[in-house]
Amino acid sequence: MAFKGWLIKFGNTVLPNKYLEKYKSTPNQRLELDASRDATALLHRQTSPNYKTSLTVPIRKLYLGEKIVVKAIIDAGIVSGGERERKVSVTYWNDEEMDYKSGVFYIADIEYTISHVNERKLDMVYEPFDIQLTEY
């Protein structure tokens, strides 16, 4: 499948690139099951056939209305019963395979910083933050 102009979607909802500051991925991570060196110091590795991906999605500075939109997009990917674990279905651009891949990920705790509150306009500004996703 060729690149379609987007990097990540939650469920069936694309996170527009305009909200991204960057996009970082560590695709197809190999899980080492066993490793040892023989008498000649040659390394022997046994890795799991199940590769896992982790993603870091840095989000740019947002106004409250934009933050609400981003949250709704993320919430569109929450799998049934996965609210407590922040378990989401994600399709992402896999840089190793040069193709889109799908998986179920959990979202790590996110730290938000509000840098400005406008009481008159009932608005606020969120500083950039990262969404970190780890595949199950």
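Bear in mind that the values in this text are calculations on the coordinates, not laboratory data. In this text, all values refer to a predicted model and were calculated from it rather than measured experimentally. With ideal geometry, Cβ positions are generated from the backbone for all residues, glycine too; neighbour counts draw on all protein chains shown.
Quick check: the angle from helix 64-75's long axis to the longest principal axis of the chain, C-alpha only, nearest 10 degrees?
Compared with the principal axis, the helix lies near 40 degrees.
If you only keep lysine pairs separated by 8 or more in sequence, or across chains, how many in segment 6-133 come under 20 Å at the Cα atoms?
Within segment 6-133, the lysine pair count is 29.
Equivalent ellipsoid semi-axes for segment 1-74, as square roots of 5 times the alpha carbon gyration tensor eigenvalues: give them largest first, rounded to whole Å.
Numbers: eigenvalues 308, 35, 23 Å².
Equivalent-ellipsoid dimensions as semi-axes: 39, 13, 11 Å.
Going Cα to Cα from LYS4, which aspartates and glutamates come in below 12 Å? Please leave out same-chain ones fewer than 8 positions away.
ASP99
Which value results when the Cα radius of gyration for the chain is divided by 2.2 N^0.38 Å? List each step's numbers first, then the result.
Working: Rg = 18.6 Å, N = 136, 2.2 N^0.38 = 14.2 Å.
Cα Rg divided by the expected 2.2 N^0.38 Å: 1.31.
Place a point 7 Å from Cα of LYS18 in the direction of its Cβ. Which residues in segment 72-115 have their backbone N less than 16 Å from it?
Answer for segment 72-115: 72-73.
Compute the distance in nm between two label points, each set 7 Å from the Cα along the Cα-to-Cβ direction, one at TYR136 and one at VAL104.
Simple spin-label model gives 0.2 nm for this pair.
For the chain, what's the relative contact order in percent, using C-alpha pairs closer than 8 Å and at least 6 residues apart?
Relative contact order of the chain: 28 percent.
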